[in-house]
Amino acid sequence: MTSAATRQRLVRRLADEGIRDPRVLAAIGEVPRHRFVDEALSSRAYEDSALPIGRGQTISQPFVVALMTEAVLSAVRPSRVLEIGTGSGYQAAVLAQVADRVFTTERIGELLRTARQRFHELGLHNILTRHVDGLAGWPGQAPFDAIVVTAGGEIPSALFAQLADGGVLVGPEQHGAHQELIRVTRSGDDFEREQLGAVTFVPLRQGLE
């Protein structure tokens with residue numbers, strides 16, 4: 001249930017569901033999702049479903065991870081990607097396959113320590129991590145070609161300011177009781193918004209734990 005063949009079955013399922021970018025499909029096939037969930041849940045790792053990772057957080061379903069990754073890719077490989085909300089580390093690991101460097105922030109120290117260990121064990125040395133309230137982004141490393149937000153709420157203005165010209169921000173925006181995945185593309189001082197579909201993410205929260 002955790003073999004490369006199992007990952008390839010997931011890749012084919014995602015392709016059938018509409019993921020088209022071969023770079024994204026290759027990244028999903030490369031990253032062992034079972035390494036990012038508790039051992040007790042490893043038999044479910046390649047289901048297309050979100051799974052609990054502790055502290056009230058979840059690992060996103062593979063389709064959503066693939067969709068968000070596809071949404072940040074343009075014709076060229078992005079050099080620098082910022083992720084807000086490391087969680088299990090799975091989204092960052094997938095991004096690390098398609099970007100030169102990934103900068104990821106997490107407010108819950110326990111989750112970040114576990115994710116760091118996973119990155120180390122998998123040799124993902126192009127991921128930089130920081131235990132910080134991600135609502136402020138990572139201004140010391142800005143600008144970013146892409147920013148991925150993995151929790152739902154009002155996306156902070158500080159993140160838009162850290163986008164490079166031509167860069168994209170992808171994340172779930174809260175609208176009442178519903179969330180909508182959006183992609184925002186920066187062109188100078190203009191920000192073009194697109195809606196990518198309904199999603200469900202844990203809430204975007206402030207403060208460190």
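Picking from residues in the stretch 167-209 that are of a type in the set (Asp, Glu) and either at positive phi or free of Cβ contacts under 8 Å to residues at least 60 places away in the same chain (or both), the one that is surrounded by the most Cβ atoms within 10 Å (Cβ to Cβ) is 173. Report, by residue number, each residue of the stretch 20-46 that is out of contact with any Ser or Thr (no Cβ under 9 Å at 6 or more places or on another chain) and among the aliphatic types (A, V, I, L, M). 25, 26, 31, 40, 41 - these are the residues of the stretch 20-46 that are out of contact with any Ser or Thr (no Cβ under 9 Å at 6 or more places or on another chain) and among the aliphatic types (A, V, I, L, M). If we scan the stretch 137-147, do we find a residue that is at pLDDT below 95, open to solvent by less than 60 Å² (accessible area, probe 1.4 Å) and more than 15 Å from the chain's Cα centre (by Cα)? Looking through the stretch 137-147, none of the residues is at pLDDT below 95, open to solvent by less than 60 Å² (accessible area, probe 1.4 Å) and more than 15 Å from the chain's Cα centre (by Cα).
The set of residues in the stretch 41-68 being open to solvent by 40 Å² or more (accessible area, probe 1.4 Å), outside any helix (DSSP H, G or I) and among the hydrophobic types (A, V, I, L, M, F, W, C) consists of 50 alone.
Could you go through the stretch 100-110 and let me know if any residue there is free of Cβ contacts under 8 Å to residues at least 24 places away in the same chain and open to solvent by 60 Å² or more (accessible area, probe 1.4 Å). Within the stretch 100-110, none of the residues are free of Cβ contacts under 8 Å to residues at least 24 places away in the same chain and open to solvent by 60 Å² or more (accessible area, probe 1.4 Å). Residue 157 passes every criterion in (1) under 16 Å from the mean Cα position of the chain (by Cα); (2) among the small types (Gly, Ala, Ser); (3) surrounded by fewer than 18 Cβ atoms within 10 Å (Cβ to Cβ) apart from (1).
A quick yes/no check of all residues on (1) modelled with pLDDT of 95 or more; (2) more than 17 Å from residue 93 (Cα to Cα); (3) charged (D, E, K, R):
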| residue | (1), (2), (3) |
| --- | --- |
| 13 | yes, yes, yes |
| 27 | yes, no, no |
| 56 | no, yes, no |
| 65 | yes, no, no |
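The values are calculated or read from the model by the stated rules, or taken from the named source; none is laboratory data. Just so you know, these numbers come straight off a predicted model, no measurement behind them. Here Cβ is always computed from backbone atoms with ideal geometry, including for glycine, and neighbour counts include all displayed protein chains. Note: areas computed on protein heavy atoms with side chains; ligands, DNA, RNA excluded. Shrake-Rupley method; radii C 1.70, N 1.55, O 1.52, S 1.80 Å.
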